[in-house]
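What follows is a single structure, written as structure tokens, with notes after it.
The values are calculated or read from the model by the stated rules, or taken from the named source; none is laboratory data. Quantities reported herein were computed from a predicted structural model and do not represent experimental measurements. Heads up, the Cβs are rebuilt from the backbone with ideal geometry, glycines too, and the neighbour counts pull from every protein chain shown.
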Amino acid sequence: MPLNRAFETASVTLLLNKLVTQDVLDYLMKWNIDKSLLQKLKLEFLHINAVLNHAEEKQFSDPDVKDWLEEVKGLTYDAEDIVDEIATNILESRHSTNKVRNFVYDSVNASESVKEGIDFKMKDIAAAINPFKQRLESRMNGIVGRLETVVKQKDILNLKEDFGVKLSQIIGRTPTTPMFDESCVFGRESDKKEIMKLLESRPGTGDKDNLEYEELPCLRSLITTGCSKLNQLPIAIPSLQALEIDNCSELLSFPRLINPQRLELSDSNAELLWSMVGFISLTSLHIRRIELLKSLPEGIIKQLGNLVDLKIVACADLEGLSDEQLGLEHLASLQHLTISHCHKLVSFPDEEIKLPPNLKLLDLSHCAILKTLPYELPKVKYLQELTIDWCPKLESFPEQGLPSMLQRLVIRNCAALKTLPNTLLQNNTALEYLEIYKCSSLASLLEQCDLPTTLKHVKIYHCRNLASLPSGIMSRDKLNLEHLEIDSCLSLISFPAGELPTTLKSLEITDCSKLQSLPASLVNLVNLEHLNTSGCTTLECFPKGGLPTNLRSLKISECEKLKSLPERIDRHKFLRELEIAYCLSLECLPRQGLPKSLLFLTITDCEKLSRIQEWKLHKLTSLETLKIGGIPGLVSFPDEYPLPYSITNFSVTDMPDLESLSEGLKSLKSLESLLIKGCRKLHSLADKGILPSTLASLVIRQCPLLIPRCDQEKGDLWSKLESIPSIELTA
């Protein structure tokens, strides 16, 4: 088995142990985070873990399996990052909570009973204001979704269980007090027995005579975790290529290694780093929660010329990556650099010190006092991906701009950032993805400059002081932009002058409450398929000329001043989905009707909308899903204008005056699902109570007059409903 795959097997196992620690479970409970997500993560990883050994063997003959293993590797890293972030938050919250609690105790001279009340109340307050919950649940949901796909693929790839040791068998063991516990050792059963025999046979002082390297000549991957009293590993492990040391605080030195490739250190003694000798073949180094580490030792940097991946997480004392005399240029092969939750990191080395020349990915997150980015950043010519997240003191980007080959730029939660200069992308010829999120002080953004012609996706979210968008996005013939998303930019009034690129496929403008108009050139966007305008409360009308006829989906929601839909919307032969919701000033639908191509139609909470007889729903002969709600004044669906016979899903919600549904319900020969909710005057489904025989699901909620009539024991309508396979009645 190749080393990196064997290490992935052990890494998945270690991750599973981390997911079920009591600290993690207590943290989720404290912050009211959905614990089922953790269970889903664990379950999906267990499914993967069961077939890893087979996948590791099969990868040589099947490239698809090799790709599958790479995806598993990425998912494991992503899940590890979440666990690390939780662990860091646990430590930080304990520290800050204790400071506040002690201050309160001293201020009120609290008795023990009062202290208990204060502690209880502080937990409630902390849970209520926790900013971490939504972001964590979102990330966990994303990983669960990807895991579910990967688990399905294992069956397609015909991966089998019960190859080698089922590592899931050791999940859930709690480390105990002996110096060496079997839960500290992961690997195939034969390797585990040899390692345990070796460790348990050692005298307390460490008799080096019985640690000859031939005792473990074939071991390639070793993980030690939770061995708090372990103070020495075997002198030499010649075949070892992957080593992970977690929570081994007494361990001060490494074995003699010939060809180490991957090393992970977590919650261990910083002196271990100073003992690294002969690690020139190392390609991956991950350091997590190492105390008293202010910078990387000079000896490490000089010998790691082959290092490709460097990750430093939650090292609370880290002030810089290297001293000012050395810099990072010795890391000539480094491609991925991640620094996260290092709250004392102020800046990078002096401006004359070069960065790793071959760096491709730089990810800086949760560096609370980081004020500047590396001066030499524009000269890192191979940099492709730059992510800056939760750096609240960062005020600016280098004036010289960013590297020419940068493809992806993500800037999130940088509260002090006020502007992105026009020179930022002046040299760039490769950018494809630009995301700006929650930069609350950002007032100007690339205002007077051209954007790279390669740009395909722009997302600008929650920048409340941003009054104008980059003028470069209105370059019709210069950009190949395909996706534009603008959300919660509360100061945005209008788009810049010019025309949007005709390559645009989707346009989302949401919760921009001051936006008064959309670009006049919308009708010319011949490739536009998806348009979403929601929460634009001052928007009164769509541009003259209407919308492009290639549109597939259109969502118009919470546009309170909008009085009419786009012109001649009935001519949109490709429109499949239309949603109109909370448009309180909308008075009528187009006189010509809606597009006959519609498959999904939602019209809710448009209280001024004209009578349903004028909607001409019967002409929508392809309609499959119809959702209607929040329309006052409608007592019954008119029989003279029947609903489309093609409907399979029908929802009626929050209709305050509705008393009965249409007699035409029985004519809906394709109806499979019917949902009725919040219709408090509704007392009858139809005059004769006959529903289509195709109906498979009936849900009735919050309809106090109708529900008793549908009761299985006493309801007079039950005989008409009992043949429906699924019925839900909720008062």
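Going through Pro644, Pro590 one at a time, which residue ends up being within 25 Å of Arg701 (Cβ to Cβ), part of a loop (DSSP other than H, G, I, E, B) and either in contact with a helix residue (DSSP H, G or I) (Cβ under 6 Å, 6 or more places away or on another chain) or not assigned by TED's automatic domain parsing to the domain that holds Phe542 (or both)? I'd like the intermediate steps shown before the answer.
On the way: Pro590 fails: within 25 Å of Arg701 (Cβ to Cβ).
So the residue among Pro644, Pro590 that is within 25 Å of Arg701 (Cβ to Cβ), part of a loop (DSSP other than H, G, I, E, B) and either in contact with a helix residue (DSSP H, G or I) (Cβ under 6 Å, 6 or more places away or on another chain) or not assigned by TED's automatic domain parsing to the domain that holds Phe542 (or both) is Pro644.
Only residues that are within 33 Å of the chain's Cα centre (by Cα) and small (Gly, Ala, Ser): list them for segment 250-292, please.
Ser266, Ser268, Ala270, Ser284
From the list Leu345, Leu370, Leu355, Leu386, pick out the single residue that is assigned to a loop (DSSP other than H, G, I, E, B), buried (at least 18 other Cβ atoms within 10 Å of the Cβ) and touching a helix residue (DSSP H, G or I) at 6+ places or on another chain (Cβ under 9 Å).
Among Leu345, Leu370, Leu355, Leu386, only Leu355 is assigned to a loop (DSSP other than H, G, I, E, B), buried (at least 18 other Cβ atoms within 10 Å of the Cβ) and touching a helix residue (DSSP H, G or I) at 6+ places or on another chain (Cβ under 9 Å).
Among the residues of segment 300-313, are any closer than 26 Å to Ala87 by Cα, touching an Asp or Glu at 6+ places or on another chain (Cβ under 7 Å), modelled with pLDDT of 85 or more and part of a loop (DSSP other than H, G, I, E, B)?
Taking every residue of segment 300-313 in turn, none turns out to be closer than 26 Å to Ala87 by Cα, touching an Asp or Glu at 6+ places or on another chain (Cβ under 7 Å), modelled with pLDDT of 85 or more and part of a loop (DSSP other than H, G, I, E, B).
Collect the residues in segment 481-496 that are closer than 20 Å to Pro548 by Cβ and of a type in the set (A, V, I, L, M), keeping them in residue-number order.
If the condition is that a residue be closer than 20 Å to Pro548 by Cβ and of a type in the set (A, V, I, L, M), then Leu481, Leu484, Ile486 are the ones that fit.
Could you list all residues from segment 301-318 that are crowded, with 20+ Cβ neighbours inside 10 Å and over 31 Å from the mean Cα position of the chain (by Cα)?
Selection gives Ile301, Leu304.
For Leu717, which of the numbered conditions (1) among the hydrophobic types (A, V, I, L, M, F, W, C); (2) under 42 Å from the mean Cα position of the chain (by Cα); (3) closer than 20 Å to Leu668 by Cα fails to hold?
Failed condition: (2).
Got a sec? Which of Ile473, Ile486 is modelled with pLDDT of 95 or more and buried (at least 18 other Cβ atoms within 10 Å of the Cβ)?
Ile486
Only residues that are farther than 25 Å from Ala314 by Cα, at pLDDT 85 or above and surrounded by fewer than 18 Cβ atoms within 10 Å (Cβ to Cβ): list them for segment 210-255, please.
Those that are farther than 25 Å from Ala314 by Cα, at pLDDT 85 or above and surrounded by fewer than 18 Cβ atoms within 10 Å (Cβ to Cβ): Pro238, Ser239.
If I go through segment 562-587 residue by residue, how many of them are among the charged types (D, E, K, R), surrounded by 15 or more Cβ atoms within 10 Å (Cβ to Cβ) and in a loop (DSSP other than H, G, I, E, B)?
Residues flagged as among the charged types (D, E, K, R), surrounded by 15 or more Cβ atoms within 10 Å (Cβ to Cβ) and in a loop (DSSP other than H, G, I, E, B) within segment 562-587 amount to 2.
Pick from Cys559, Cys512, Cys536: which is in contact with a Phe, Trp or Tyr (Cβ under 9 Å, 6 or more places away or on another chain) and crowded, with 21+ Cβ neighbours inside 10 Å?
After applying the criteria, what remains is Cys559.
Condition check ((1) modelled with pLDDT under 90; (2) more than 24 Å from Ser488 (Cα to Cα); (3) among the aromatic types (Phe, Trp, Tyr)) across all residues:
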residue: Leu409; (1), (2), (3): no, no, no
residue: Asn413; (1), (2), (3): no, no, no
residue: Lys418; (1), (2), (3): no, no, no
residue: Asn427; (1), (2), (3): yes, yes, no
residue: Ala430; (1), (2), (3): no, yes, no
residue: Leu434; (1), (2), (3): no, no, no
residue: Cys439; (1), (2), (3): no, no, no
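Any idea which of (1) assigned by TED's automatic domain parsing to the domain that holds Pro692; (2) surrounded by 15 or more Cβ atoms within 10 Å (Cβ to Cβ) is the one Asp639 doesn't satisfy?
(2)
Could you figure out which of (1) modelled with pLDDT under 90; (2) buried (at least 17 other Cβ atoms within 10 Å of the Cβ); (3) within 25 Å of Lys619 (Cβ to Cβ) isn't true of Lys720?
It fails just one condition, (3).
Residues of segment 469-492 being of a type outside the set (Asp, Glu) and either in the same structural domain as His530 (by TED's automatic domain parsing) or touching a Ser or Thr at 6+ places or on another chain (Cβ under 8 Å) (or both), which ones?
Within segment 469-492, Arg476, Lys478, Leu479, Asn480, Leu481, His483, Leu484, Ile486, Ser488, Leu490, Leu492 meet the criteria.
Yes or no: segment 448-460 includes at least one residue that is of a type in the set (D, E, K, R) and farther than 18 Å from Gln407 by Cα. Give the derivation first.
Looking only at segment 448-460, we keep the residues that are of a type in the set (D, E, K, R), and these are 450, 456, 459.
Going one step further and asking which of them are farther than 18 Å from Gln407 by Cα, we end up with none.
For segment 448-460, residues of a type in the set (D, E, K, R) and farther than 18 Å from Gln407 by Cα: absent.
What residue, among those in segment 48-80 that are under 23 Å from the mean Cα position of the chain (by Cα) and among the small types (Gly, Ala, Ser), is modelled with the lowest pLDDT?
So, considering only residues that are under 23 Å from the mean Cα position of the chain (by Cα) and among the small types (Gly, Ala, Ser), the one modelled with the lowest pLDDT is Gly74.
For (1) surrounded by 17 or more Cβ atoms within 10 Å (Cβ to Cβ); (2) over 17 Å from the mean Cα position of the chain (by Cα), each residue gets a yes or a no:
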| position | (1), (2) |
| --- | --- |
| Leu409 | yes, no |
| Lys418 | no, yes |
| Leu425 | yes, yes |
| Asn428 | yes, yes |
| Leu451 | yes, yes |
| Ile460 | yes, no |
| Asn465 | no, yes |
